[in-house]
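Undergrad: Sharing a structure with you now.
The values are calculated or read from the model by the stated rules, or taken from the named source; none is laboratory data. The shown structure was predicted, so the numbers you read here are calculated from the model rather than taken from an experiment. Note that each Cβ is placed from the backbone with ideal geometry, even for glycine, and that neighbours are counted across all protein chains shown. Ligands, DNA and RNA are excluded from the accessible area calculation, which covers all protein heavy atoms including side chains. Shrake-Rupley method; radii C 1.70, N 1.55, O 1.52, S 1.80 Å.
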Amino acid sequence: MFETAQKDQPTCNGPVLADVRELPLVAVAGPTGSGKSGLALSIAEEFNGEIVNCDSLQVYRHFDIGTAKLAMEERRAIPHHLIDIVDPDQLFTAGGYARLAREAIADISARGKVPIVAGGTGFYLRALLDGLFEGPSRDQALRNRLAERERKRPGSLHRVLRRLDPEAAGKIHQNDVPKVMRALEVCLLTRRPVSALFREGRDALVGYRTLKLGLLPERETLYQLLDARCAEMFEGGLVEEVKQILALGFAPTLKPFESHGYKQALQLIQGELTRRDAVFYAQRNTRQYAKRQITWFRREPGLVWLKGFGGSPEVHRDARQRITSFLNG
């Protein structure tokens, strides 16, 4: 409960921040395939928690196999939030995610449970915890010009961003064209570095103390698992799932189809790749993505690394001890 003002003190319209007890929040991060979902489920069962998705693809309906989305029967009756909440043709941003995630976290906490944020989209986690600045609205004409420039000269947008905002360019991979384009769009529209605007305008999450756990399996073992999982997805109906999504009337140019696995399945359907090549490129791109995720999370302040996969007894024991200490702290 909030402490009320004493009679001999100045009155205020809200709680005194120093008197507000911060609520616990647990985050489980790490590269794709590291076992985040399984560990989050175990934590939720043991510590009376509910899970808030932090994967930018699992928010989309119909995209199931390629996102490794847990089926309802695999969720062990643990409530999962922010999964299957938008159609593939709906615009969904990190800012929108942060708003919905904060609402879900507040609801979970209000019911006396522990919110557990789980997923590998580092930018979403940062948006949730640190907030995002209110940037200018999207300028489609400018975006079209930037997209055409990148099409003609791949990598050119990142080079321009390095000139305009070296700090932002250093944090965005040159192959992540959507983020590079948005950073450039903000720079050009505001005539200021996006990194400076980001520092000024962030609206950080308040009222919570966060324990951030990061899974870090041995690299080669992770890559072997990812290769096997990609192959299993193609064997398990990924191509058929893409055909079903297209049959629902969704365009192949939509953003979710740009993700690893789905892009190659789409190219296979369109006759641009053989099945063998589709699996090969899906595996390669997924490994590269996992590497970028690890690099991102290494820069995440306060993240505690757990060496191994989420299903490892040692990792589970380590996580249990840390969470117990955190909740009792």
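So that you can scan it fast, the table gives a plain yes or no per residue for (1) part of a helix (DSSP H, G or I); (2) open to solvent by 80 Å² or more (accessible area, probe 1.4 Å); (3) modelled with pLDDT of 95 or more:
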| position | (1), (2), (3) |
| --- | --- |
| Phe257 | yes, no, yes |
| Glu272 | no, yes, yes |
| Ala282 | yes, no, yes |
| Gln288 | yes, yes, yes |
| Trp305 | no, no, yes |
| Gly310 | no, no, yes |
| Glu314 | yes, yes, yes |
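Undergrad: Quick check on my filter: what residues within region 122-139 are in a helix (DSSP H, G or I) and either touching a residue at least 40 places away in the same chain (Cβ under 8 Å) or β-branched (Val, Ile, Thr) (or both)? Break it down stepwise before answering.
TA: Of all residues in region 122-139, those in a helix (DSSP H, G or I) come to 122-130.
Listed by number, the residues that qualify are Gly122, Phe123, Tyr124, Leu125, Arg126, Leu128, Leu129, Asp130.
Undergrad: If you go through region 22-43 one residue at a time, do you hit one that is open to solvent by 10 Å² or more (accessible area, probe 1.4 Å), modelled with pLDDT under 95 and not aliphatic (A, V, I, L, M)?
TA: If we filter region 22-43 for residues that are open to solvent by 10 Å² or more (accessible area, probe 1.4 Å), which is where we start, we get 22-24, 32-33, 35-38, 42.
Keeping just the survivors that are modelled with pLDDT under 95 gives 22.
Now restrict to residues that are not aliphatic (A, V, I, L, M): 22.
Yes: one or more hits.
Undergrad: While we're looking at this one, here's another question. Going by what's in this entry, would Leu189 be described as over 30 Å from Ala282 (Cβ atoms) and either among the aliphatic types (A, V, I, L, M) or surrounded by fewer than 17 Cβ atoms within 10 Å (Cβ to Cβ) (or both)? I'd like the intermediate steps shown before the answer.
TA: Working: over 30 Å from Ala282 (Cβ atoms): yes; either among the aliphatic types (A, V, I, L, M) or surrounded by fewer than 17 Cβ atoms within 10 Å (Cβ to Cβ) (or both): yes.
Here the answer is yes, as Leu189 does meet what is asked.
Undergrad: So for region 206-222 (the condition being assigned to a helix (DSSP H, G or I) and crowded, with 20+ Cβ neighbours inside 10 Å), does at least one residue qualify?
TA: Initially, region 206-222 is screened for residues assigned to a helix (DSSP H, G or I), giving 219-222.
Retained after the next criterion (residues that are crowded, with 20+ Cβ neighbours inside 10 Å): 222.
For region 206-222, residues assigned to a helix (DSSP H, G or I) and crowded, with 20+ Cβ neighbours inside 10 Å: present.
Undergrad: Same structure again: In region 147-161, what residues are aliphatic (A, V, I, L, M) and either closer than 26 Å to Thr286 by Cα or loosely packed, with under 12 Cβ neighbours inside 10 Å (or both)? Give the derivation first.
TA: As a first pass, look at region 147-161 and keep what is aliphatic (A, V, I, L, M): 147, 157, 160-161.
Ala147, Leu157, Leu161, listed by residue number.
Undergrad: Here are some conditions: (1) open to solvent by less than 40 Å² (accessible area, probe 1.4 Å); (2) at pLDDT below 90. Phe198 meets all but one. Which one does it not meet?
TA: Phe198 satisfies all of (1) open to solvent by less than 40 Å² (accessible area, probe 1.4 Å); (2) at pLDDT below 90 except (1).
Undergrad: Something else now. Pairs only if they're at least six apart or on different chains, beta carbon under 8 angstrom, first in region 251-276 and within 19 Å of Asn175 (Cβ to Cβ), second at pLDDT below 95; list them, first residue then second.
TA: If the second residue must be at pLDDT below 95, the pairs left are Lys255/Pro178.
Undergrad: I've got another one for you. Would you point out the residue of region 53-107, among those that are acidic (Asp, Glu) and outside any loop (DSSP other than H, G, I, E, B), that is least open to solvent (accessible area, probe 1.4 Å)?
TA: First pass over region 53-107, keeping only residues acidic (Asp, Glu): 55, 64, 73-74, 84, 87, 89, 103, 107.
Cutting the leftovers down to outside any loop (DSSP other than H, G, I, E, B) gives us 73-74, 103, 107.
Details: Glu73: 150, Glu74: 93, Glu103: 102, Asp107: 72 Å².
Once the filter is applied, the top-ranked residue is Asp107.
Undergrad: A follow-up question, please. Got a number for residues in region 68-89 being free of Cβ contacts under 8 Å to residues at least 24 places away in the same chain and not hydrophobic (A, V, I, L, M, F, W, C)?
TA: Narrowing region 68-89 to residues free of Cβ contacts under 8 Å to residues at least 24 places away in the same chain: 69, 71-74, 77.
Checking which are not hydrophobic (A, V, I, L, M, F, W, C) leaves us with 69, 73-74.
The qualifying residues number 3.
Undergrad: Check region 299-307 and report whether any residue there is aromatic (Phe, Trp, Tyr) and in contact (Cβ under 8 Å) with a residue 40 or more places away in the chain.
TA: Restricting attention to region 299-307, the residues satisfying the condition of being aromatic (Phe, Trp, Tyr) are 305.
The next check asks that each one be in contact (Cβ under 8 Å) with a residue 40 or more places away in the chain; those that pass are 305.
Yes, some residue in region 299-307 is aromatic (Phe, Trp, Tyr) and in contact (Cβ under 8 Å) with a residue 40 or more places away in the chain.
Undergrad: Regarding Leu132, is this residue surrounded by 18 or more Cβ atoms within 10 Å (Cβ to Cβ) and at pLDDT 90 or above? Quick ask: steps written out before the conclusion?
TA: Values: surrounded by 18 or more Cβ atoms within 10 Å (Cβ to Cβ): yes; at pLDDT 90 or above: no.
So Leu132 does not fit the description; no.
Undergrad: So, in region 27-85, exactly how many residues are within 18 Å of Leu216 (Cβ to Cβ), more than 15 Å from the chain's Cα centre (by Cα) and β-branched (Val, Ile, Thr)?
TA: Number of matching residues: 1.
Conditions (1) outside any loop (DSSP other than H, G, I, E, B); (2) open to solvent by less than 60 Å² (accessible area, probe 1.4 Å); (3) of a type in the set (A, V, I, L, M, F, W, C), marked per residue:
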| position | (1), (2), (3) |
| --- | --- |
| Ala228 | yes, yes, yes |
| Gln244 | yes, no, no |
| Leu266 | yes, yes, yes |
| Gln293 | yes, yes, no |
| Trp296 | yes, yes, yes |
| Pro301 | no, no, no |
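Undergrad: Also, quick follow-up: Scan region 112-127 for residues that are under 24 Å from Thr190 (Cβ atoms) and open to solvent by less than 10 Å² (accessible area, probe 1.4 Å) and report the count.
TA: First pass over region 112-127, keeping only residues under 24 Å from Thr190 (Cβ atoms): 123-124, 126-127.
Imposing the further condition that a residue be open to solvent by less than 10 Å² (accessible area, probe 1.4 Å) reduces the set to 127.
Qualifying residue count, region 112-127: 1.
Undergrad: Across region 140-185, what is the number of residues that are assigned to a loop (DSSP other than H, G, I, E, B) and farther than 16 Å from Lys255 by Cβ?
TA: First, the residues of region 140-185 that are assigned to a loop (DSSP other than H, G, I, E, B): 153-155, 165, 172-176.
Of the ones still in play, those that are also farther than 16 Å from Lys255 by Cβ are 153-155, 165, 172-174.
Result for region 140-185: 7.
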